[in-house]
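Just below is one structure, and these are the notes that go with it.
Values quoted throughout were computed directly from the atomic coordinates according to the rules given, and no laboratory measurement underlies them. The structure displayed is predicted, hence computed values, not measured ones. Cβ: placed from backbone, ideal geometry, glycine included. Neighbour counts: every protein chain shown.
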Amino acid sequence: KNDGRYPETVAVSVWGLDAIKTRGESVAIVMALVGAQPVKEGTGRIVRYDLIPLEELARPRIDVLASLSGIFR
């Protein structure tokens, strides 16, 4: 058990084909773990991610070690 504590680090494998099939779900998980939110342009396309202020996030940021493959290389 972790006694309700957040992990300090998480490892995630991000596979290109899976990211395409899930419309970027694995990338969204990584960004959520570090406490970032998408910023969209007028057309709805994501142009960048901004960090959520810690007061608003209300939890510690989690370091993510991402192993990339496929289309990300």
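Ordering VAL39, ALA19, ALA58 by Cα displacement along the dipole of the chain toward the positive end leaves ALA19 in first place; charges were set at the Cβ atoms of Lys, Arg (+1) and Asp, Glu (-1).
With both partners inside the chain, how many of the DSSP beta bridges are antiparallel, as a percent to the nearest 5? Present the calculation step by step, with values, prior to reporting the outcome.
Working: 5 of 11 bridges.
The answer is about 45 percent antiparallel.
Database remark: amide H of ALA66 closer than 5 angstrom to the amide H of VAL12 (H placed geometrically; neighbours at sequence offset of 5 or more, or on other chains; Pro and chain starts carry no H).
Using alpha carbons only, what's the Rg to Rh ratio of the chain with Rh from Kirkwood?
Working: Rg = 13.9 Å, Rh = 13.7 Å.
When Rh is taken as the Kirkwood radius, the ratio is 1.02.
Couplings 3J(HN,Hα) of the stretch 57-63, computed from phi: 5, 6, 7, x, 6, 10, 5 Hz, in residue order, whole Hz [Karplus 6.51 cos²θ - 1.76 cosθ + 1.60, θ = phi - 60°; x for Gly and Pro].
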